[in-house]
Amino acid sequence: MCFFKLRCLSARILLPIALFVPLALSAADPYLSGRWKIEQGLANNTITALLQNRQGYLWLATPSGLLRFDGRQFRCFNRWNTPVMSVDRLTCLWLDNDDTVWIGSDGGGLYYIRQNLWGTVPQKLSNPHIQTILRDRRGALWIGTQYGLNCLRNDRCETFTMSQGLPGNLVYALAEAEDGTLLAGSDGSGLAALRDGKFVVENRVDAPEGIRALRRGHDGTVRIAAENGLFTWHRRVLSRVAAVPRQKSFLALLEDRAGRWWLGSEGEGIFLLENNRLLSVAADSQPVYYVPSLLEDHEGNFWAGTISQGLLQFREKSDAAATQPLSLQIETVLADNRPISGQSGVVLPRSTRLLEFYFTAVAFRQIQQLRLQYRLQGWESSWHTISGQAPRNAMYSNLQPGSYTFQIRFENVDRRHLEKDAIATFSFRIGASFFPPPLAVLLFTAAGALSVFLLWRRRRRIHPPAPVSGNVSAGEPLGENQKKYATSALTDAVACEVEQRLLALMEKEEAWLDPDLTLKKLAEMLHIHPNYLSQIMNERLGRSARDFINTYRIAAAERMLLDPKQKKKTILEIAFETGFYSKSVFNSAFKKFNDQSPQEYRGKKS
């Protein structure tokens, strides 16, 4: 389901939720336990779809890319750091049985993540604006778009439109009935059911209009969220839910473990349908209006993705601690700044100098109380403990040949809440070099030393040593950068390669336009540790991360200030268009580079 094509509501007066709720409704039991917005790490306050995969991660589709949430921090995948993606505006998600995450975009087609690798479907769809995704029991993948419904089966793509019986070409929602019948909801009138290769519209006098969500319940009945209320479909019988007023418009559906139905509405917040009574779910003092996505996670938390109001988490008032297993994940392993592809058991060359492990605990309750421990078995026997907001990564350098296993575990969690092995591991081996017999080593060393000595004597006779400059001594201390990075494992070859990719990212892809761009964000895009990226910027480019980013922004601002076509633009508009998030920050940076304000620069140059 996509929110981006919702009808205009400019004529609707937005009042607090309580004013919309009839007297028959009462407050439901779940309470708001958390809210995340941009200030708490979200890339965008609008969330169009939610899902949770087997590893426990929460995935969020937003207009600014795909977010992965482990309960502690968000990781954003977008077109700046994910080459497969051509657009950031995402609309819907689907999880396959093999844990493949399918991602629908608004203009870029269909993407997927399988075993941490991104891909896109090679088949051409009827429209690149994806609205909904479903995998049926026969293995076919169905994709609803702004123009038609696509079926991917056996490397072929079949398209259904109004010509094949759909009530409308804009397909918002899909579901599979208990008997295997495919159901489709569109911007037209009525519910469409696929029979004998064509869609038949299940219509009647009181039919659902503009179906936005479909979901089959535990009892086999399909609920239908529409612009004119809530309906059910059971054994080919279409019925209206009498307990829900027909003037209410819904965008999202969820049946929880207790059999209650959560309803995300268009303009009136969240409702619960329980025992044939419609109850309002209070958020907090700030009303929630548009809710296009709902989810119940493995721990029993309820999540709501909203339009412009962030991510909401709800819990039951009577709910105790989580009963589902907590999840430990080793997310990334880097060998000399390069990701290691493949599973545990990899063999690394003897020349490997630096190994980095990034890991996390996927949990959405009592995050601050969780403490993790890690160690490298084969190298150390004791465990290192980290807690709170400490970085969840470990680094090892110059390991000797041999077999190792990196391990992480919880230190202070009830074992009943852990996964069966209660530990996450990554095993690897560093290969041994070839060592010749000792006598051969001795003879080779002696011959080498003799050759060097003879060459030195010959060069000394031909080129006598030059006198040492008066202001430079042989014992002159190292420069600041040399001191700072004296023990760094970064090689020149790696630094050169990363520098070229960094310059391409800034010059060709214009990553500096992102106002939230930081050293850490750039490092994630380049798959390198932030410390090494900082070293490259300082040693090879001669700038700090902030000055390096602002170099591109200020250069663009200077061009705009001198361009007669941009004369009508204000200083604030130029600041926003060149990647600055405020006028004061822009003025400070501009003065640092030009010793004058943007206004003075524009006046003197004009």
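The values are calculated or read from the model by the stated rules, or taken from the named source; none is laboratory data. As the structure is a prediction and not an experimental result, all values here were calculated from the model. For neighbour counting, all protein chains shown are included, and Cβ atoms are generated from backbone atoms with ideal geometry for every residue, glycine included.
Observations, loosely collected:
- Of Thr487, Thr491, Thr518, all but one fail to be at pLDDT 85 or above and not aliphatic (A, V, I, L, M); the exception is Thr518.
- Looking only at residues in region 189-222 that are within 19 Å of Ile270 (Cα to Cα) and either crowded, with 23+ Cβ neighbours inside 10 Å or outside the structural domain of Ala243 (by TED's automatic domain parsing) (or both), the one that is farthest from the chain's Cα centre (by Cα) is Ile211.
- Exactly one residue out of Glu524, Glu558, Glu539 is assigned to a helix (DSSP H, G or I), closer than 21 Å to Phe576 by Cβ, in contact with a helix residue (DSSP H, G or I) (Cβ under 9 Å, 6 or more places away or on another chain) and of a type in the set (D, E, K, R): that is Glu558.
- Applying a threshold of 7 Å to beta carbon distances and a minimum spacing of six or more residues, or different chains, the list of pairs starting in region 288-302 at a residue that is without any contact (Cβ under 8 Å) to a residue 24 or more places away in the chain and on the phi > 0 side of the Ramachandran plot and ending at one that is β-branched (Val, Ile, Thr) and surrounded by fewer than 23 Cβ atoms within 10 Å (Cβ to Cβ) is empty.
- Test set (1) part of a loop (DSSP other than H, G, I, E, B); (2) farther than 25 Å from Ile133 by Cβ; (3) touching a residue at least 60 places away in the same chain (Cβ under 8 Å) - Ile307 fails condition number: (2)
- Taken over region 540-549, the criterion of being more than 12 Å from Leu503 (Cβ to Cβ) and out of contact with any Phe, Trp or Tyr (no Cβ under 7 Å at 6 or more places or on another chain) is satisfied by Gly542, Arg543, Ser544, Ala545, Arg546, Asp547.
- Given (1) of a type outside the set (A, V, I, L, M, F, W, C); (2) within 20 Å of Leu51 (Cβ to Cβ); (3) touching a Ser or Thr at 6+ places or on another chain (Cβ under 6 Å); (4) not in a strand (DSSP E or B), number of the condition Asn169 does not satisfy: (2)
- Inclusion of Gly217 among residues that are free of Cβ contacts under 8 Å to residues at least 24 places away in the same chain, more than 18 Å from Trp94 (Cβ to Cβ) and not aliphatic (A, V, I, L, M) is not warranted.
- The listed residue being within 26 Å of Lys508 (Cα to Cα), among the hydroxyl-bearing types (Ser, Thr, Tyr) and without any contact (Cβ under 8 Å) to a residue 24 or more places away in the chain, out of Ser64, Ser86: Ser86
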